[in-house]
């Protein structure tokens, strides 16, 4: 029995020559997990937003039997409120029929959290949570509303392997209890692992719908990319002289009123021609290291050195002048300005290059456009106009825009936090190749990622964070047992220094 039917859905955004969705017909069966797969810009999220009523469609019909909730790739949370307040918002339990019953809300949410083996606390402020923990809040909110149809947009992009296993266990339990789930993803191993069927979209059109048991990863990848080839994943150590570029010297970061430091006497260094990876479960210091390196938090104790110079108190603009390129985990709020154009986002760090001349000068404007268009082509960023607002781009295309900007303006060292989050197979492979090429050019690279496979694939050395401290450091020799060793270290089950 079908619980959802989409018939001939068509959507074209104003000003675009391409249809985001072109005559798509698709159904969701009751009690199944359907994966909607495709590369960035294939139309996956647009189609699901249409299904949820968040986007208007130009043509077609939709039939639904039940309530729908969607967990978005970009979180829709209020940072100053607690997890429980976000979960119950709009349907708050009341005391005496009037007042918000905080204690009851916390009890309800703690049960949802416990039943699904999540790590968040109901009374924790969202602003203090990691991205992975924020996603848990979003999922808990869907569970609180008891929707029959649940849509998840790239839910595993920022989760650790342990969290992914827990999420998949939850999804299977939900299906066994009568829920129907649509999972938007581009990860082939996840499609095979979790879904019953897979619908493949490419360039706004439905290519095919396959029973997962009757297909394989290669066939799915081929349908997603057409005649394009997946870039090779060949990574070799860079040569050349290695200089100490960035150093943390007993760095501690503390929050007022909090007993345990966010970072506790952390020391490490990263050299030129090297990728230093940071791994850890959400909430154990990865986000703090990113914030400190980006100039958003400053050490309470210790020093940060750039080629021997103390940069501990510099803001992000001054850090960029020192040689920082920065790809943050939060591409919407930190990495880009959604209300600004693609052109403005691309040249924001190049004012000295372009604005020493009169911006009204046509020759200079042409030079800007030519350079940006070359980046859009190289990084396969789909857009019809440089004046398009960055906030209208798909999540994957926005990530590629930020990466194009930062990689093409590289000076001395780069901080990558979740660089391939939300990217399809081809794009992720291309970006990994670009990161490795930077290392070979002499860059010092700090790679922060909850994707352990990505860390092992790219990093020369790997540091594991646990409860704000360095729990282990590994030389990445690519041996088969390193993943298990790092995984144990991430859970606080042992250290290797």
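General observations
- Inspection of the stretch 178-186 finds a residue satisfying the criterion of being surrounded by fewer than 21 Cβ atoms within 10 Å (Cβ to Cβ), modelled with pLDDT under 90 and under 26 Å from residue 117 (Cα atoms).
- Sole residue being crowded, with 24+ Cβ neighbours inside 10 Å, in contact with a strand residue (DSSP E or B) (Cβ under 6 Å, 6 or more places away or on another chain) and more than 20 Å from residue 334 (Cα to Cα), chosen from 428, 444: 444
- Any chance residue 486 is in a helix (DSSP H, G or I) and in contact (Cβ under 8 Å) with a residue 12 or more places away in the chain: yes
- Screening residue 71 with (1) in contact with a strand residue (DSSP E or B) (Cβ under 8 Å, 6 or more places away or on another chain); (2) at pLDDT 90 or above gives one miss only, at (2).
- Residues of the stretch 149-172 that are at pLDDT below 90 and under 22 Å from residue 88 (Cα atoms): 153, 155, 167, 170, 171.
- Strands (runs of 3 or more DSSP E) fully within the stretch 147-217 that include at least 1 residues being in contact (Cβ under 8 Å) with a residue 40 or more places away in the chain and within 24 Å of residue 131 (Cα to Cα): 149-153, 180-185.
- Residue check: residue 252 meets all listed conditions (1) at pLDDT 90 or above; (2) crowded, with 20+ Cβ neighbours inside 10 Å; (3) more than 29 Å from residue 33 (Cα to Cα) but one, namely (2).
- Meets criteria (crowded, with 16+ Cβ neighbours inside 10 Å and touching a strand residue (DSSP E or B) at 6+ places or on another chain (Cβ under 8 Å)) for residue 283: no
The values are calculated or read from the model by the stated rules, or taken from the named source; none is laboratory data. These numbers were taken from a predicted model, which means no experiment stands behind them. As a convention, Cβ positions derive from the backbone with ideal geometry for all residues, glycine included, and neighbour counts pool all protein chains shown.
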